[in-house]
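What follows is a single structure, written as structure tokens, with notes after it.
The values are calculated or read from the model by the stated rules, or taken from the named source; none is laboratory data. None of the values given here were measured: they were computed from a predicted structure. Neighbour counts run over all protein chains shown; Cβ positions are idealised from the backbone, glycine included.
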Amino acid sequence: MFESLTPAPQDKIFALMAAYQADNRDGKIDLGIGVYKDDEGNTPVMTAVKKAEERLLATAKTKSYVGVAGDKTFNKLMIDLALDGAVPDDRVRGVQAPGGTGALWIILMLIQRSNPDAKIWISDPSWPNHVPMVEQVGMPSASYPYFDPETGKVRFEDMLATLDGLGKNDVVLLHGCCHNPTGANLSPEQWDRVIESLERTGAFPLIDMAYQGFGDGLEEDAYGVRALARKIPEFVVATSCSKNFGLYRDRAGCAIAVGRDAKAADLANAQMMSCVRAAYSQPPAHGAEVVREILSDDALRAEWKSELEAMRTRMVANRLALAEAIRARSNSSDFDFVSEHRGMFSLLGLPTATVDQLKDKNAIYMLDDSRINIAGLSGERIERLADAIVAATR
Ligand code: PMP
């Protein structure tokens, strides 16, 4: 049977990781994979997570199933983290998901069941898994202009012009904060204008919220989704605990559906649960239990928030230092946009030949599209990256 298959496309990030690991040069720099790293290059378990896990280990009484929708307390806490009461509780439903990817999948299935004619509009560029996920669910996708590699900024007027031309069968996938891969984000004023456009056209918003707390702060990063919640009667949000709780492998996230009334929210919830039931029946428990322990305990929550804030401010400091190091060497402001970007990534706008040169000559690994992981930098690595970029782009 399998001989009829054609090879599946290789995931470029994993191929890059393998090349990095096989590189024997001293001082090689990995700016590829999308996980947070500290100054030593480790992706640590957060202290609040460790403490929550110790408590769970000491008190757990069962490993019985958690139920199709997962842990209800976790779902409520995740809804509050994203929306903070911007929508009355009776119109919001959450289903625990295996990571942000799982949440996106549940939401795409829900959209497809709600409107089989829906087309999903994705930013150009976007997280490379968005289009394949939409295709897998069997819906058409299209792209809206988003990033200008020349300036490092959002092509906002072009984006808005496309959104203004959409209608009721269109779904707009927006990154809630910390755009992946570009690092260029909408300002609050730009969010307001996008929301006005959505109100006018009736296009349906899908917010992918994978990095809350990694940009300008936990509350600041939720500006868009909360402003939208106050104006748009129906929308969906996919949240992830992979980055902000460092729970990557434990697969915790939440699929959130907001209906125009309680009846619509219940219908959406029942369909989300039916998708889960037929795919994997129940979500994994551990990651969501850890998050529930942290968010429902004042001391643990405060500890988590301060750890998250330390990660965020370190990434902002790396941005400022890299932009400054390039400016000092090149005497130009060409890469100043890196300091204005937010989140874990910046798209440098370098041609593939330059990306290859940095890899071959300097042992600096970034994605083909020139996305770098800002968390992969620190003191001396920043200096060396700035040297290499300036030399390669002169
Ligand atoms: N959306 C975006 C934009 C992402 O960057 C990621 C993670 N790389 C996800 C969703 C999903 O993350 P996870 O499934 O690991 O929670």
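Descriptive notes on the structure:
- The set of residues in the range 155-173 being touching a helix residue (DSSP H, G or I) at 6+ places or on another chain (Cβ under 7 Å) and either part of a loop (DSSP other than H, G, I, E, B) or among the aliphatic types (A, V, I, L, M) (or both) consists of 160, 163, 166, 167, 171, 172, 173.
- Flag if residue 288 is assigned by TED's automatic domain parsing to the domain that holds residue 242, assigned to a helix (DSSP H, G or I), out of contact with any Leu (no Cβ under 8 Å at 6 or more places or on another chain) and not polar (S, T, N, Q): yes
- Each residue in the range 180-229 was checked for being charged (D, E, K, R) and not in a helix (DSSP H, G or I), and 3 of them qualify.
So that you can scan it fast, the table gives a plain yes or no per residue for (1) more than 16 Å from the ligand (Cβ to nearest atom); (2) closer than 25 Å to residue 310 by Cβ; (3) hydrophobic (A, V, I, L, M, F, W, C):
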residue: 202; (1), (2), (3): yes, no, no
residue: 207; (1), (2), (3): no, no, yes
residue: 211; (1), (2), (3): no, yes, no
residue: 219; (1), (2), (3): yes, yes, no
residue: 239; (1), (2), (3): no, yes, no
residue: 242; (1), (2), (3): no, yes, no
residue: 250; (1), (2), (3): no, yes, no
residue: 270; (1), (2), (3): yes, no, yes
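- Matching residues in the range 120-133 - criterion: being within 13 Å of the ligand (Cβ to nearest atom) and out of contact with any His (no Cβ under 6 Å at 6 or more places or on another chain): 123, 125, 126, 127, 128, 129, 130, 131, 132, 133
- Hey, residue 56 more than 16 Å from the ligand (Cβ to nearest atom), of a type in the set (A, V, I, L, M, F, W, C) and within 26 Å of residue 256 (Cα to Cα) or not: yes
- Residue check, residue 52 surrounded by 13 or more Cβ atoms within 10 Å (Cβ to Cβ), outside the structural domain of residue 250 (by TED's automatic domain parsing) and assigned to a helix (DSSP H, G or I): yes
- Screening the candidates 333, 274, 339, 306 for the property of being among the small types (Gly, Ala, Ser), at pLDDT below 95 and more than 16 Å from the ligand (Cβ to nearest atom) yields one hit, 333.
- Residue in the range 55-74 that is surrounded by the fewest Cβ atoms within 10 Å (Cβ to Cβ), counting only those that are part of a loop (DSSP other than H, G, I, E, B) and of a type in the set (Gly, Ala, Ser): 64
- Selection from the range 72-126 of residues that are touching a Leu at 6+ places or on another chain (Cβ under 6 Å) and not β-branched (Val, Ile, Thr): 77
- Some residue of the range 29-45 being in a helix (DSSP H, G or I) and either more than 25 Å from the chain's Cα centre (by Cα) or over 23 Å from residue 220 (Cα atoms) (or both): no
Every residue, every condition in (1) part of a loop (DSSP other than H, G, I, E, B); (2) buried (at least 19 other Cβ atoms within 10 Å of the Cβ); (3) assigned by TED's automatic domain parsing to the domain that holds residue 20; (4) not aromatic (Phe, Trp, Tyr), yes or no:
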site	(1), (2), (3), (4)
270	no, no, no, yes
275	no, yes, no, yes
310	no, no, yes, yes
313	no, no, yes, yes
317	no, no, yes, yes
323	no, yes, yes, yes
327	no, no, yes, yes
342	yes, yes, yes, yes
353	no, no, yes, yes
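- Among the residues of the range 124-147, not one is modelled with pLDDT under 95 and touching a Lys or Arg at 6+ places or on another chain (Cβ under 7 Å).
- Selection status of residue 81, assigned by TED's automatic domain parsing to the domain that holds residue 276, among the aliphatic types (A, V, I, L, M), in contact with a helix residue (DSSP H, G or I) (Cβ under 9 Å, 6 or more places away or on another chain) and crowded, with 22+ Cβ neighbours inside 10 Å: no
- Unique residue being free of Cβ contacts under 8 Å to residues at least 24 places away in the same chain, surrounded by fewer than 12 Cβ atoms within 10 Å (Cβ to Cβ) and within 30 Å of residue 303 (Cα to Cα) when the list is 24, 42: 42
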